[in-house]
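As structure tokens, the structure follows; a few thoughts come after it.
The values are calculated or read from the model by the stated rules, or taken from the named source; none is laboratory data. All figures in this text were calculated on a predicted structure; none of them were measured in a lab. Please note: Cβ atoms are built from the backbone with ideal geometry, for glycine as well, and neighbour counts cover all protein chains shown. Note: areas computed on protein heavy atoms with side chains; ligands, DNA, RNA excluded. Shrake-Rupley method; radii C 1.70, N 1.55, O 1.52, S 1.80 Å.
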Amino acid sequence: MDINLDVSEKLLHGKSIIEWTNPSQNEVDHLHFHLYYNAFKNSNSTFLKHNNELGFLDKSLKEDCGWSYSEVNSLKDSDENELVPESYFISPDDGNPDDETVLKVPLKKIVMPGETIQVEMEWTAKIPKAMIRTGYNQDYYFFAQWFPKLGVYEPAGMRYEKEGQWSCHQYHASGEYYGEFGNYDVTLRVPKNYIVGSSGEQVSETEKNGQKVVQFKVDDVIDFTWTCSPHYQVYTENWQDVTLKLYTYPGHEIFKDRYFTTAIQSLEFMDKNVGKYPYTTLSMIDPPIHGMFTGGMEYPTLISSLSLSFLPEGIKTPETLIVHEFVHQYFMQMVATHEQEEPWMDEGITTYYEGRILDEYYGKHTSMIDAWGIEIGNRAYNRMEFWLKDNPKIADNSYKARDFVHGGYSAIAYNKTAMMLRTLEGILGIDKFDEVMKSYFDQWKFKHPCGIDFIDVFKEELDASFLAEIKFDLDQFFDQVLYGSLVCDYKVAEIVNKEKVAALGYVNNIDNCVSESDPRTGLYESKAIIYRLGEVILPVDVVLTYENGHVEQYLWDGVSRTAEFGGVSEHQLIKVQIDPERKIDLEENLINNTIMKEKSEAYRKYTSKFKVGVQHLLDFLNFLS
């Protein structure tokens, strides 16, 4: 691509040369392109019709006339056939006749299986003012989903496709993107005093006709994003073969060490526990306050964060965003799942690893907030976000992003998925879980898996005898938790300690009758009664502690609604815990997982007498007064 930025008119003028290879056994006679900027062309677009959360950005469109558009001026095939006149907009998702975010281009020649074609496009884009994830404000520019982008042609057998077809959704307010892997060679022409940050590696920089001309290249990525401003300060660090760059504004340099430290920690963790980061660059964008609309996003080799200098260092917003958006380089970028159709596969898996990285480096109980005497860990924060929702059962993860019309998108796709994965980690053990996730990454990097592919890796990697030993039904788990909206809740209902008495009557023989004279045995029949209140069935540890310190541990399959554990002992049962190691992160109510009893009946009797005595004393003193 060759791109010219006109800052006076807020326009992009682009020329794109696109090569596409037909990956299917089908004969393809048309192309589909995303024209994302048309989502902000007018209030009739599908994006704006269904987005009620623009907030302050709404003013940019309506009052400041910050509307945008994307227009294809020319599109020619290798025979110089002009394809624009026969092109037209389609709305494959909702049939909205006013939505212009998907362009269908009929071809003059059929593309045969395995054949490669080349088309040349000239296009113009009006840049939106301060719109979600993209646009400009003052002289800050951020370009995401900004160029006419070819959709993904999915052959039969890829994901859920039974026959080859284009996957090119309209731009929706909920959910994000899906792109095909490609090699990008992009030349950017900007004002000569502007500093450019971009996906990929910079290969040249010159000046021509009063402009700065910068060229970037990057291979095997699903998208290309860039930003520019005359005010950027650029800092550089290195980790192994990766060059890290931070683009930030004056006054934000105080966050420099936090950004680099967190990014390197993330690189190290993912390299060790998931797989190698294969790119040579990672650019971090810390936007100014008037560019906050672009913060907290992920793009190939480029991520954006947010920093607020008035917050104490213990509020780990920059760290959380850097970790989350970096992990997306693995789950969204390299393992290129469909963010519109199965958002849990990138957002949920990323949220899980976000928690692991933050907890490892910043403490399990302080990885989100450690300020003003408040301590909150990432795991607790995710649980809180999910369980404090009005309706945690509002949806399951079979929903497409755009189907969460009544809420629940972040709670289900992000939080519940992370809780599901932490529960898997707890049940399987972290070493076994990591082995499976490494296999998943190795099998599906630079491909487009779906949910079934994810589950299949677990089935392939986990031996049936191992699952039987830990009493875990993998299919049932995913059906109930991933594709169901059931709730998990186990409860310790009661502790019973009954003094065991000797049997009376003719017990051993008919010659001697046991009388009531000394029925005591010095033993207790103790039992813990456990309830499964929720619908989710999981194996759960049950731990019994006796007054002499003796501990018994059982693994209950959780299938029945009730169960009891215990036996005969010289000592009473005083404490029962369900899941004491907190393996089951999906557990709704942690409070009812433990019951403790006083050490003995005698202890309770004398304690009660003491309490009564204190009350009588207080009554007497009150009478005297």
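Using a cutoff of 8 angstrom between alpha carbon atoms and counting only pairs six or more residues apart, the relative contact order for segment 1-109 works out to 29 percent. Could you tell me the relative contact order of segment 247-345? Use alpha-carbon pairs under 8 Å, at least six residues apart, and round to a whole percent. Contact order relative to length: 27 percent. Rounded to the nearest whole Hz, the Karplus-based 3J(HN,Hα) values (6.51 cos²θ - 1.76 cosθ + 1.60, θ = phi - 60°) of segment 284-290 follow the sequence 10, 10, 10, x, x, 4, 7, with x at glycine and proline. Taking all protein chains into account, the per residue accessible area for the chain stands at 45 Å² (1.4 Å probe). Once the C-beta distance of R582 and S43 is scaled by a Förster radius of 51 Å, the resulting FRET efficiency is 0.60 to the nearest 0.05.
Counting only aspartates and glutamates at least 8 places from K15 when in the same chain, those with an alpha carbon closer than 18 Å to its own are D2, D6, E71, D77, D79, E80, E82, E120, E122, D185, D223.
Could you grab the relative contact order for the chain? Cα pairs under 8 Å, six or more apart, rounded to a whole percent. Computed value for the chain: 9 percent relative contact order. In segment 96-247 the Cα-Cα distances spread across 10 Å bins starting at 0 as 8, 30, 34, 21, 7, 0 percent of all pairs.
Computed over the chain, the per-residue total of -39500 (n - 2.57) for DSSP H runs of n ≥ 4 gives a 222 nm mean residue ellipticity of -6500 deg cm²/dmol, rounded to 500. From largest to smallest, the equivalent ellipsoid semi-axes obtained for segment 336-382 from the alpha-carbon gyration tensor read 27, 10, 6 Å. The peptide list 36-48, 100-112, 355-367, put in order of mean Cβ contacts within 10 Å with the highest first, becomes 36-48, 355-367, 100-112.
A quarter of the convex hull surface defined by the alpha-carbon atoms of segment 340-432 gives 6.8 nm² as the mean projection.
Counting only protein chain heavy atoms and rolling a 1.4 Å probe, the accessible areas of K49, K500 rank, largest first, as K49, K500. Shown in residue order for segment 572-581 are the 3J(HN,Hα) couplings computed by the Karplus curve 6.51 cos²θ - 1.76 cosθ + 1.60 at θ = phi - 60°: 7, 7, 10, 8, 10, 10, 9, 6, x, 8 Hz (x for Gly and Pro).
Taking only protein heavy atoms and a 1.4 Å probe, the accessible area of segment 154-273 is 42% carbon and sulfur. Proximity of backbone amide H atoms, modeled 1.01 Å from N, is registered between Y171 and T101 at under 5 Å, excluding neighbours fewer than 5 places apart on the same chain. The dipole here belongs to segment 182-234: it is taken about the Cα centre, uses +1 on the Cβ of Lys and Arg and -1 on the Cβ of Asp and Glu, and is about 360 debye. Take 261-271, 138-148 and order them by the average number of nearby Cβ atoms within 10 Å per residue, most first; the result is 138-148, 261-271. For the peptides 483-494, 155-166, the ranking by mean Cβ contacts within 10 Å, running from highest to lowest, is 483-494, 155-166.
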